[in-house]
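Asks: Below is one structure. I have some questions about it.
The values are calculated or read from the model by the stated rules, or taken from the named source; none is laboratory data. These numbers were taken from a predicted model, which means no experiment stands behind them. All Cβ positions, even for glycine, are placed from backbone atoms using ideal geometry, and neighbour counts span all protein chains on display. Surface areas here come from the heavy atoms of the whole protein model, side chains and all, with no ligands, DNA or RNA. Shrake-Rupley method; radii C 1.70, N 1.55, O 1.52, S 1.80 Å.
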Amino acid sequence: MTKRKTFGLLATALMGLALMAEPAAAATATATAPAAPQSQGLHGNNPPQTEGSSSRSRRRGSERPAPRQSPEAIKAAAEGVLGTAGITSCQVTEAVSPGIVPTGTVYEVACATGPGYILIGATPPTAIDCFELAGTAAISRERDPTADTGLQCSLPANNNSLAVIGGWAREAGVTCTIDQAVASGKNGANMVYEVGCDGADGYWVERGANGWTARDCFEVMSARGVCRFTTPAEQNATIQAKLAGTDAAGCTVTQSKLMGHNANGRFYEVKCATDGEGYIARVSTEGVTQQIYPCATAQPIGGGCTLTPVPAPAPAAAPATGGRA
């Protein structure tokens with residue numbers, strides 16, 4: 001039976017966060033917890049190594065260069081491996097053979113659209129897309145800058161993650177200027193990608209049965225996920241824009257977070273540059289700010305503000321007592 005292996009990038013689910021209720025609606029708001037893509041190694045395997053791909057591979061001596069073949073022969077052989085692996089979406093535009101591993105010949109292919117692949121002509125064949133390999137390598141290097149990440153895609157045509165993943169994000173409704181993109185993990189069988197936005201909140205994007213969907217990093221981070229390409233300053237700028245024309249327009253946002261959501265919209269807390277000033281903003285699903293709650297009176301909203309501590313009310317004065325006149 002043909003098998004297509006996928007290396008690394010496993011998924012776990014994050015807990016849901018029950019958050020708050022708006023008094024007027026008396027409805028409970030909960031943060032939707034997106035799946036948390038994680039890299040957990042290769043189930044005991046390593047990415048394919050070829051001669052020259054690392055000092056460790058040279059020491060092992062178990063790989064060797066591929067025999068000389070014409071570009072046409074390499075392309076035909078690679079197309080055969082793709083077909084056996086059941087990958088029909090790739091129209092091969094270029095193919096090379098970096099070497100041979102004990103299980104078979106290694107190929108790299110670039111496709112007319114979408115990611116390219118590293119292929120191993122084994123029985124059954126192995127196919128790993130270039131974005132997934134790059135995502136695994138990025139996570140490994142974050143943990144250890146000297147990590148051996150194995151063979152990576154090297155054809156210039158496969159250096160296309162920003163354009164391709166950015167296009168998928170557009171399909172999911174992302175409108176920002178995308179400046180970074182990477183495969184970050186899996187949610188079940190679905191690959192999850194992170195995109196960074198220039199000066200604004202980023203997103204996780206995922207293709208499910210009904211097409212592409214996006215979760216912004218406010219939501220991802222409220223459910224304890226990680227956005228590598230989004231800074232606090234970018235999130236502050238995003239919520240700052242939502243305060244324009246409201247009672248909180250004069251607030252210079254220095255901290256912000258998503259508290260949760262209910263049927264009436266999302267609830268964000270912001271801390272302002274002015275000492276002691278902060279707000280909770282209710283924003284509709286269309287992104288329009290509909291209500292502003294000053295932290296001083298926002299205690300009923302999910303327990304109130306935490307970024308801007310509100311002084312406790314002074315205790316009531318004891319009633320005066322007096323003797324008889």
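Asks: Apply the Karplus parameterisation 6.51 cos²θ - 1.76 cosθ + 1.60, with θ equal to phi minus 60°, to every residue of the stretch 188-200 and state each ³J(HN,Hα) to the nearest whole Hz, in sequence, with x for glycine and proline.
Replies: Per-residue couplings from phi come out as x, 8, 8, 6, 10, 10, 10, 10, x, 10, 6, x, 8 Hz.
Asks: Where Rh is the Kirkwood radius over the Cα pairs of the stretch 242-289, the temperature 25 °C and the viscosity 0.890 mPa s, what D in µm²/s does Stokes-Einstein return?
Replies: On the way: Rh = 11.0 Å.
For the chosen part, D equals 224 µm²/s.
Asks: Report the Cα centroid-to-centroid distance between the stretch 158-230 and the stretch 240-268 in angstrom, as an integer.
Replies: Between the Cα centres of the stretch 158-230 and the stretch 240-268 lies a distance of 22 Å.
Asks: Taking the dipole about the Cα centre of the stretch 86-210, with the C-beta of Lys and Arg at +1 and of Asp and Glu at -1, give me whichever of ALA110, PRO125, TRP168 is farthest to the positive side.
Replies: PRO125
Asks: What area, in nm² and to one decimal, does the C-alpha convex hull of the stretch 84-165 cast on average over all directions? Provide the component values of the computation, followed by the final result.
Replies: On the way: hull surface 23.4 nm².
That works out to 5.9 nm², a quarter of the Cα hull's surface.
Asks: Sticking with this structure for a sec: Please report, as a whole percent, how much of the solvent-accessible surface of the stretch 137-246 comes from carbon and sulfur atoms (probe radius 1.4 Å).
Replies: Looking at the stretch 137-246 in its full context, I get 49 percent from C and S.
Asks: On to the next question. Could you order THR306, THR105, THR123 by accessible surface area, starting with the largest, using a probe radius of 1.4 Å? Present the calculation step by step, with values, prior to reporting the outcome.
Replies: Numbers: THR306 90, THR105 35, THR123 140 Å².
Largest to smallest exposure gives the sequence THR123, THR306, THR105.
Asks: What accessible area per residue comes out for the stretch 71-152, rounded to a whole number of Å², with a 1.4 Å probe?
Replies: Numbers: 3320 Å² over 82 residues.
On a per-residue basis, the stretch 71-152 sits at 40 Å².
Asks: Taking the stretch 88-129 as the region of interest, what is the percent of Cα-Cα pairs per 10 angstrom bin, listed from the shortest bin to the one with the maximum distance?
Replies: 32, 52, 16, 0
Asks: Among the trypsin sites (Lys or Arg not before Pro) within the stretch 181-266, which fall in a DSSP loop and have no more than 13 other Cβ atoms within 10 Å of their own Cβ? List each step's numbers first, then the result.
Replies: Working: sites: LYS186, ARG207, ARG215, ARG224, ARG228, LYS242, LYS257, ARG266; in loops: ARG224, ARG228.
Here the trypsin sites (Lys or Arg not before Pro) that fit, given the DSSP loop and packing criteria, are ARG224.
Asks: Sticking with this structure for a sec: Limiting things to C-alpha atoms, what are the Rg and the maximum Cα-Cα separation (Dmax) for the stretch 201-300, in angstroms?
Replies: 14.0, 48
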